[in-house]
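A.B. asks: Sharing a structure, written as structure tokens. Questions coming.
Read-outs throughout are calculated quantities, based only on the coordinates presented, and are distinct from any laboratory measurement. Quantities reported herein were computed from a predicted structural model and do not represent experimental measurements. Note that each Cβ is placed from the backbone with ideal geometry, even for glycine, and that neighbours are counted across all protein chains shown.
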Amino acid sequence: MDVVRQMGEIVEPTAQHWAELRAAYVGEAQEVFYILPMLNSPGFLARVANWDSYLRQRTFDIQSIRQAQIADGTYLLNTANLENAPTDIFAITQFVSCCMLFNGLIVPMGKYTQEEFITEALEAVLPKDPLEEGAYHLAYVKLHYANVFRTMQILKLLGIIDYDVSRTLQLALGAASAVEDFFYLHAQPEIIHLGGENSVAFRFHYATPRHMIAVDNDPVNADTYAELSEKHPGQFKGIIGDSIETISALSGQNKAKELERRNMVTALRIEPSMIPDPKAFLLALASVIDNSADLIITVGGGDDVHEFIARQQRMAEIHSLLQACKLNPVRLMIYEGENPEEQRARPIFGNVTYGTHEVIYCKLQRYKLQKHLR
């Protein structure tokens with residue numbers, strides 16, 4: 001039976017669920033259509049053909065944005081006001097998310113009306129038979145996969161993070177099924193110019209970390225963890241349990257030299273209850289990370305504005321603690337609006353159901369966490 005989670009309840013998808021899902025895909029396709037003229041910009045396709053090389057050659061440095069913020073100690077980046085950022089950052093981010101969401105789509109340059117493009121894009125991704133077993137779930141989770149992929153690309157395009165996935169030892173907390181963290185977070189976009197056809201193809205390639213430990217407290221993920229462990233032996237380990245308790249157990253394995261220390265920690269779309277005590281959380285991380293580690297924490301909009309405000313407050317607490325540790329964290333607010341109601345409803349990318357509203361990135365240093373938090 002195809003199901004959907006609504007306000008914590010499991011229900012069968014209705015016609016309204018399908019309409020909302022289709023509207024989300026239409027919104028994504030519209031955003032891509034608006035920026036299609038970029039494909040005709042001189043040299044654009046040549047520059048992005050090798051994505052890694054493109055990222056390395058970008059001259060934009062996050063410090064140029066940070067500098068004004070450091071003066072007043074906020075270290076906050078509101079994406080609605082990135083006046084010093086190149087105007088193409090968010091357009092390119094949307095392009096690369098298209099590689100994931102509309103994987104395999106081929107676009108004849110300059111030959112589509114908006115309606116034609118949206119129709120073509122949706123036909124490429126939405127199921128032909130909505131009644132097919134699992135059809136709704138597959139289409140729904142793909143929006144989440146694309147959003148996770150897009151979040152990492154924003155960090156890369158802003159110059160905030162640079163890492164080698166083949167050397168990444170990741171701890172994924174609140175990982176749910178772990179599919180997003182393991183397969184999609186590190187994936188690589190590919191925008192290909194088909195010169196003979198004067199078309200552009202959008203594709204992506206999976207990339208997985210050298211090793212991942214995924215932690216989640218929901219037993220429903222146990223079977224998925226077992227399957228991933230079996231298919232990726234020596235590369236994936238899944239643990240059902242509380243994050244703090246699991247970190248404590250992993251710390252013991254570190255001390256016994258049974259486990260390599262982590263150089264990346266992710267906690268995607270967290271709920272405040274997952275990190276009830278931010279100070280204890282960060283101090284616990286110090287016991288399992290290497291000398292340094294990339295930390296990425298994100299939140300969505302929650303089920304209502306009260307949940308969203310609670311998420312904003314928790315991110316502010318974590319950000320403040322990291323500042324106190326002299327770690328120069330970045331808190332990226334990917335929404336517009338003057339108040340929480342508007343901000344929740346207006347993420348820059350996607351919608352309130354699956355969009356990422358805030359990101360904290362920090363290059364953790366173990367000795368600083370232990371020095372300032374003990």
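A.B. asks: Have a look at Thr356, Tyr367, Leu131 and report the one farthest towards the positive end of the charge dipole of the chain, computed about the Cα centre with Cβ charges (Lys/Arg +1, Asp/Glu -1).
C.D. replies: Tyr367
A.B. asks: What does the net charge come to around Asp294 if you take all other residues with beta carbon closer than 10 Å to its beta carbon, with K and R at +1 and D and E at -1? Each step should come with its number before you reach the end.
C.D. replies: Numbers: positive: Arg262, Lys363; negative: Asp162.
In short, +1.
A.B. asks: Right, here's the next one. What does the convex hull of the alpha-carbon atoms of the chain project to on average, in nm²?
C.D. replies: Value for the chain: 19.1 nm².
A.B. asks: Continuing with the same structure: For the range 276-322, with only Lys/Arg (+1) and Asp/Glu (-1) charged at the beta-carbon, what is the dipole magnitude about the Cα centre, in debye rounded to 20?
C.D. replies: I would put it at about 140 debye.
A.B. asks: Give the long-range amide H neighbours of His186: residues separated by 5 or more places, or on another chain, with amide H under 5 Å away, using H modelled in the peptide plane at 1.01 Å from N.
C.D. replies: Those lying under 5 Å, H to H, from His186 are Ala207.
A.B. asks: Then there's this: How would you rank 189-195, 143-149, highest first, on the average number of other Cβ atoms within 10 Å across their residues?
C.D. replies: The most tightly packed comes first, giving 143-149, 189-195.
A.B. asks: Continuing with the same structure: Ignoring everything except DSSP H segments at least 4 long, calculate the 222 nm mean residue ellipticity for the chain; use -39,500 (n - 2.57) per segment, divide by total residues, nearest 500.
C.D. replies: Mean residue ellipticity at 222 nm (helix-derived): -13000 deg cm²/dmol.
A.B. asks: From the residues Leu122, Leu105, Val299, which one has its Cα farthest along the dipole of the chain in the positive direction, the dipole being from +1 and -1 charges on Cβ of Lys/Arg and Asp/Glu about the Cα centre?
C.D. replies: Comparing the listed Cα positions along the dipole, Val299 ranks first.
A.B. asks: Let me ask another. Name the shape class, rounded, prolate or oblate, that the alpha-carbon gyration tensor gives for the range 146-208, where a ≥ b ≥ c are the square roots of its eigenvalues, rounded holds for a/c under 1.5, and otherwise prolate holds if a/b is larger than b/c and oblate otherwise.
C.D. replies: Since a/c reaches 1.5 and a/b is larger than b/c, the shape of the range 146-208 is classed as prolate.
A.B. asks: Counting Lys and Arg as +1 and Asp and Glu as -1, what is the net charge of the other residues whose Cβ lies under 13 Å from the Cβ of Leu171?
C.D. replies: -1
A.B. asks: On to the next question. Helix hunt in the chain: which complete DSSP H runs extend at least 30 Å axially by C-alpha with mean Kyte-Doolittle at least 0.0? Don't skip to the end; give the middle numbers.
C.D. replies: On the way: long enough: 135-157 (33 Å, 0.34).
Long hydrophobic helices here: 135-157.
A.B. asks: If contacts are Cα pairs under 8 angstrom and at least 6 residues apart, what is the relative contact order of the chain in percent? Mind showing how you got there, number by number?
C.D. replies: Values: 617 pairs, mean separation 61.0, N = 374.
Reported relative contact order: 16 percent.
A.B. asks: Given Cβ point charges of +1 (Lys, Arg) and -1 (Asp, Glu) and nothing else, what value in debye, to the nearest 20, does the dipole of the range 4-373 about its Cα centre take?
C.D. replies: Computed charge dipole of the range 4-373: roughly 1720 debye.
A.B. asks: Quote to one decimal, in nm, the extra length available between Glu133 and Glu12 on full extension: 0.36 nm per residue of separation minus the C-alpha distance between them.
C.D. replies: Numbers: separation 121, 0.36 × 121 = 43.56 nm, distance 1.14 nm.
Contour length minus the Cα-Cα distance gives 42.4 nm.
A.B. asks: Go through 228-234, 25-31 and give me the packing order, highest mean Cβ count within 10 Å leading.
C.D. replies: 25-31, 228-234
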